[in-house]
Every structure is written in structure tokens, then in C-alpha cells.
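For reference, the structure is listed below as C-alpha cells.
The values are calculated or read from the model by the stated rules, or taken from the named source; none is laboratory data. Everything quoted here is computed from the prediction, not taken from an experiment. As a convention, Cβ positions derive from the backbone with ideal geometry for all residues, glycine included, and neighbour counts pool all protein chains shown. All accessible areas refer to the heavy atoms of the entire protein, side chains included, with ligands and DNA or RNA removed. Shrake-Rupley method; radii C 1.70, N 1.55, O 1.52, S 1.80 Å.
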Amino acid sequence: MAQDNFPSNFANLTHLDQHGQAQMVDVSDKAPTIRQAVAAANVRMLPTTFAAIQAGNVPKGDVLATARLAGIMAAKQTATLIPLCHPLPLQKIAVEIIPDPQLPGYQIQATIKTKAETGVEMEALTAVSVAALTLYDMAKALEKSIQIESIRLISKSGGKSGDYLPPE
């Protein structure tokens, strides 16, 4: 809803212009700096599904390798998927899928690093989201009730806003 008297409490939202319309932030005046972001997600499933994936006993093939590769590919496509994200040169994309028998399921973590004018939080969040969705897709023949949970930013470093760690 566009309006000329846009509320002042939204003045710091850089993706909105003075009329409340979405805009891509102009980062052309910023110097490129080293930036890194780490995101995580959990994928919870039945113990039998977890055991089948761990044993490599899934009809579609290697679930974890496919999900890891999908996360890496997704990070590189973030600007295509998220309308106001800048396309960035990504120097590091690491996606880890860690078995967690206590869930039971998997913890997914993505670490993204660049030297650019803007951060890579969205790339890290996209990587874990798509890795989790791919894990679901690869294992849905075994279980439709797999749950994707707790997609979150773990940390970020670099840039004008500084470092971020979640509150404890």
C-alpha cells in the first residue's frame, strides 16, 4: 500500500522507498568487504526413515549427497529466487548434513563467504532451505511426514551492521 506519508518507524527499512514500495538497495557506494553467514535447519523423521537413509537404502539414491549438492546450487541462485537480493560472487559455499539420531534426522548447516558490498545471509538461508527440501523429496517415498524445522541464521560477520550471533 503506497502512501506519501510513510510511517517514520519504517524509515530504516532499506528495501522500501519513501512511498513504501519495494526497491533493490543501492550498494554502489559501499566498499567490498569480507562477509560470511552461517545458517542451519533441522529435518526430523521417523527412526526407520533415518535408518534407511543412513544405510543408503532409499529408492531415489544418495539422499545426503543430492541434498548437499542442491544446497550448494541453490546458494548460487539466490538472487534469482529472492526478488530483491543482489547477485553476488560467492567465494565459499559449504553445506554440511550431520546425522542426529536424537532428532531423529539431520542437522543442515551452510556457510557462505564473499567479498562484496552486501551480505550473504539470504544465500546461507536459501542453501539450508533447499537442502532440506531436497532431503524431503529424496525420502518422501519412505515417509511423507518428514518435518523441516528451525531454519535460522546462526551467525554473520562483516558489513556495516557488524557481526551477529543469536541471543542465548
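Annotations
- For region 68-111, a residue qualifies if it is of a type in the set (A, V, I, L, M) and part of a strand (DSSP E or B), and the qualifying residues are LEU90, ILE93, ALA94, VAL95, ILE97, ILE98, ILE108, ALA110.
- Sub-7 Å Cβ pairs linking a first residue in region 50-71 that is among the hydroxyl-bearing types (Ser, Thr, Tyr) to a second residue that is open to solvent by less than 50 Å² (accessible area, probe 1.4 Å), at least 6 apart or interchain, are THR66/THR134; THR66/MET138, ordered by first then second residue.
- Considered as a group, the residues in region 39-84 that are in contact with an Asp or Glu (Cβ under 7 Å, 6 or more places away or on another chain) and among the β-branched types (Val, Ile, Thr) include one that is nearest to VAL130 (Cα to Cα), and that residue is THR78.
- LYS60 modelled with pLDDT under 95 and among the basic types (Lys, Arg): yes
- Answer from GLY20, GLY71 - the residue that is open to solvent by less than 60 Å² (accessible area, probe 1.4 Å) and modelled with pLDDT under 95: GLY20
- Residues that are acidic (Asp, Glu) and free of Cβ contacts under 8 Å to residues at least 40 places away in the same chain within region 79-104 comprise just one, GLU96.
This table checks each residue for (1) closer than 16 Å to ARG44 by Cβ; (2) assigned to a loop (DSSP other than H, G, I, E, B); (3) not small (Gly, Ala, Ser).
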site: LYS113; (1), (2), (3): no, no, yes
site: SER145; (1), (2), (3): yes, yes, no
site: ILE148; (1), (2), (3): yes, no, yes
site: ARG152; (1), (2), (3): yes, no, yes
